[in-house]
Amino acid sequence: MTWTLALPELVLAVSGLVILLAGVIPRKDTFFPVSMACVGALLLAAMLVLGQPEGTALGGHYVSDAFSGFMKFLALAAAAVGILLSLDFNEREGMARFEFPVLMLFATLGAMVMISANDLLSLYMGLELLSLPLYVLAAFNRDNGRSAEAGLKYFVLGALASGLLLYGSSLVYGFAGTTNFDRLGEAFSEPNGVSAGVIVGVVFVITGLAFKVSAVPFHMWTPDVYEGAPTPVTAFFASAPKVAAIALLARVLLGPFGDLVAQWQQVILLVSLGSMILGAFAAIGQRNLKRLMAYSSIGHVGYALMGLAVGSDIGLRGLLVYMAIYVFMNLGTFAVLVSMRRAGRSVEGIDDLAGLGRTDPVTAMWMAIFMFSMAGIPPLAGFFGKLYVFLAAVQGGFWTLAVVGVLTSVVSAYYYLRIVKVMYFDAPVGSLDPASTSLTMVMAGTGLFTALFALWPAPMLAAAAAAAAALLG
């Protein structure tokens, strides 16, 4: 039976429904056990993904290959860490309701459907399954005006992006007569015979997906939503959904529209350039760490899209390595932000980190590692992520992309290193509350990965190479 290929998604869906039913049983404290059950379901799905065979299922709507396996594993790991980040935070903020981890679980299910989509219809279904829980999660702290505003903004702009994606899909279907990726690839094998309507449809599809990865010029929601949403939700926003949208963008453009590379390459190139430039310069004046990380994420998406713009095997490999490294160092950074509490109250300003090197040297050390890595300073993992996409751009002859990438990296290093300067050279403004065990574990795990990646890069590079080969055939 071909439906067994989709076993990870089926198991995650059934687990989510069972956990949801168990959560409504009246008990004193359901948040922690439901959270642990959701983490267990995500780990089970990850194990099934690792043993998943290759092939297509469900009438050609679903595809399983090394590429989908690589990206799904990243999304599942990011979701599990996101739930761990919420344990202590939600208890302290009065948000310890069992629906929170269940919503994260269903959003991750949507991300997995997106990653394995082999049809414009399953693409849209996965996107909506991902988006609807995210709208609720952004506004989950309903007593906080900023959180409600973040949820509303994300919902309105998300609905617009979904409409653009649907319109683009309908144009592609109208001119090509099919929505299946394999048959679209066959229909577009002769680029000269492709009508202008299809090209317009592709541009609208790219627009809908560019919104999800917060790439310029579809980034306007990012700073407000990142700042207003609860910090563990922001950490989740910046990881799992981005992995799914980048994966889907790569699958759509290099799969069915792979022969139309000359038509869409310029769009991705401009989006990449715009994201790198805005991410570097807009973050300089930020004093709120979550807003700074929002602009930082826009810049990092620009670097990742550099690999996609190249449109080659080495470019895709660079994209995959970059996304894997970005997810871990980003989650580590947000673990530090979640742990930032003073006298029981959350603090988010850069100045609140003043003197952290003296009052909490271990947390300061992890934060410094993440900031140096995001700046691309060797021998940390972030340096290798940028190295692979820059090499791909140079080998592909995209010198403008590579030069702008290097220059914007230098500019962005200013605001990353400013945080390190504040922690180690400014006078302490008061010590932060001790971090919980779960936060300490996340900081240590992601910090060690970021710091020691250079010693054992081979497993990830091999997995990325296999994933890229699977997508490009």
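The values are calculated or read from the model by the stated rules, or taken from the named source; none is laboratory data. The structure displayed is predicted, hence computed values, not measured ones. Heads up, the Cβs are rebuilt from the backbone with ideal geometry, glycines too, and the neighbour counts pull from every protein chain shown.
General remarks:
- Meets criteria (surrounded by 24 or more Cβ atoms within 10 Å (Cβ to Cβ) and assigned to a helix (DSSP H, G or I)) for Ser275: yes
- Taking residues in segment 29-44 that are free of Cβ contacts under 8 Å to residues at least 40 places away in the same chain, and partners anywhere that are small (Gly, Ala, Ser) and buried (at least 19 other Cβ atoms within 10 Å of the Cβ), the pairs with Cβ atoms closer than 7 Å and at least 6 places apart or on different chains are Leu43/Ala80.
- One residue stands out in segment 311-332 among those that are within 14 Å of the chain's Cα centre (by Cα) and β-branched (Val, Ile, Thr): the one that is nearest to Thr450 (Cα to Cα), namely Ile325.
- All conditions in (1) surrounded by 22 or more Cβ atoms within 10 Å (Cβ to Cβ); (2) in a helix (DSSP H, G or I) hold for Ser169, with the sole exception of (1).
- All helices (runs of 4 or more DSSP H) inside segment 398-473 with 1 or more residues being among the basic types (Lys, Arg): 399-425
- In segment 110-125, the residues that are assigned to a helix (DSSP H, G or I) and surrounded by 23 or more Cβ atoms within 10 Å (Cβ to Cβ): Gly110, Ala111, Met112, Val113, Met114, Ile115, Leu120, Leu123
- Tally of residues being surrounded by 17 or more Cβ atoms within 10 Å (Cβ to Cβ) and either of a type in the set (A, V, I, L, M, F, W, C) or under 18 Å from Val321 (Cβ atoms) (or both) across segment 430-465: 14
- Residue among Val336, Val362 that alone is at pLDDT 90 or above, more than 26 Å from Ala240 (Cβ to Cβ) and not hydroxyl-bearing (Ser, Thr, Tyr): Val362
- Residue in segment 376-390 that is in a helix (DSSP H, G or I), among the charged types (D, E, K, R) and modelled with pLDDT under 90 present: no
- Candidate set: segment 359-386, residues that are among the small types (Gly, Ala, Ser) and crowded, with 24+ Cβ neighbours inside 10 Å; chosen: the one farthest from Lys421 (Cα to Cα): Gly385
- So Leu331, is it of a type outside the set (Ser, Thr, Tyr), at pLDDT 90 or above, under 21 Å from Gly376 (Cβ atoms) and out of contact with any His (no Cβ under 8 Å at 6 or more places or on another chain): yes
- Scanning segment 225-237 finds no residues that are within 28 Å of Tyr173 (Cα to Cα) and either among the hydrophobic types (A, V, I, L, M, F, W, C) or assigned to a loop (DSSP other than H, G, I, E, B) (or both).
- Hey, Gly285 among the small types (Gly, Ala, Ser), touching an Asp or Glu at 6+ places or on another chain (Cβ under 9 Å) and surrounded by fewer than 24 Cβ atoms within 10 Å (Cβ to Cβ) or not: no
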